[in-house]
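Below: one structure, written as structure tokens.
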Amino acid sequence: MKPIYQANSKLDLHFTRVVNVPRALVWRAWTEPELLKPWFCPVPWKTIDCEIDLRPGGIFRTTMQSPEGAEFPNVGCYLEVVPNEKLVWTNALLPGFRPSNLSATCGDSDTEFMFTAMIELADDGQGTRYTATVIHADEAGCQKHAGMGFEGGWGTALDQLVAMIQRGI
């Protein structure tokens, strides 16, 4: 049975872009910890650690570092993995599908919210159609995430991913 996602403009944030890099390399950048760390946070933030167990119920853990050196661990659980096509993960669950406690995103208690994120990849001409969708439990969480600069931040991270691939990985 295929999972069904129904969009809700009050609860979801998303953007789609076509990038001039192969889909298989975008997939690698999302699924190999040493490739994810260089691009995952918009500079001057950094991703200093990453753990990936690429299967439903597996861990997706990152540690982000602010420009001031503060560290912010984030842990979640993969829900769906379709190689070279789709990744779905959530911070509402820990590995093994164990419920998580609400935690601050990037250490800011004003930005506590649960989310489920989807990255969808498809061939598009000479490049890849890249769709990022983040769904939230309530409008307040969605608004907080939008206020943090979702599209700008995730778009900048995507630009960094593309630049890394174009330099050669």
Write out, first by first residue and then by second, each pair whose Cβ atoms fall under 6 Å of each other, whose residues are 6+ apart or on separate chains, and whose first residue, in the range 24-36, is charged (D, E, K, R) while the second is buried (at least 18 other Cβ atoms within 10 Å of the Cβ).
-> ARG28/LEU35
Any residue in the range 50-65 that is in a strand (DSSP E or B), more than 15 Å from the chain's Cα centre (by Cα) and under 28 Å from GLY125 (Cα atoms)?
-> no
Any idea which of (1) of a type outside the set (D, E, K, R); (2) crowded, with 20+ Cβ neighbours inside 10 Å; (3) touching a Lys or Arg at 6+ places or on another chain (Cβ under 9 Å); (4) at pLDDT 95 or above is the one THR131 doesn't satisfy?
-> (2)
Yes/no for VAL82 being in contact with a helix residue (DSSP H, G or I) (Cβ under 6 Å, 6 or more places away or on another chain) and modelled with pLDDT of 95 or more = no
Out of the range 19-46, which residues are surrounded by 14 or more Cβ atoms within 10 Å (Cβ to Cβ), out of contact with any Phe, Trp or Tyr (no Cβ under 6 Å at 6 or more places or on another chain) and either among the charged types (D, E, K, R) or in a strand (DSSP E or B) (or both)?
-> ARG23, ARG28, GLU32, LYS37, LYS46
Inspect all residues belonging to the range 92-105 and state whether any of them is within 13 Å of the chain's Cα centre (by Cα) and within 28 Å of GLN166 (Cα to Cα).
-> no
State whether one or more residues within the range 46-57 are touching a Cys at 6+ places or on another chain (Cβ under 7 Å), modelled with pLDDT of 95 or more and not polar (S, T, N, Q).
-> yes
Could you tell me which numbered condition LYS2 fails, if it satisfies all but one of (1) farther than 21 Å from GLY147 by Cα; (2) touching a helix residue (DSSP H, G or I) at 6+ places or on another chain (Cβ under 9 Å)?
-> (2)
Residue tally, condition loosely packed, with under 15 Cβ neighbours inside 10 Å and closer than 20 Å to ARG23 by Cα, over the range 134-154 | 0
Considering the range 47-85, residues that are polar (S, T, N, Q) and under 18 Å from ARG28 (Cβ atoms), and then whichever is surrounded by the most Cβ atoms within 10 Å (Cβ to Cβ), we arrive at THR62
Is it fair to say ARG23 is touching an Asp or Glu at 6+ places or on another chain (Cβ under 7 Å), closer than 21 Å to ARG129 by Cα and charged (D, E, K, R)?
-> yes
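The values are calculated or read from the model by the stated rules, or taken from the named source; none is laboratory data. Worth saying up front: this structure is predicted, and the values here are computed from it rather than measured. Every residue, glycine as well, gets a Cβ built from its backbone with ideal geometry; the counts of neighbours run over all protein chains shown.
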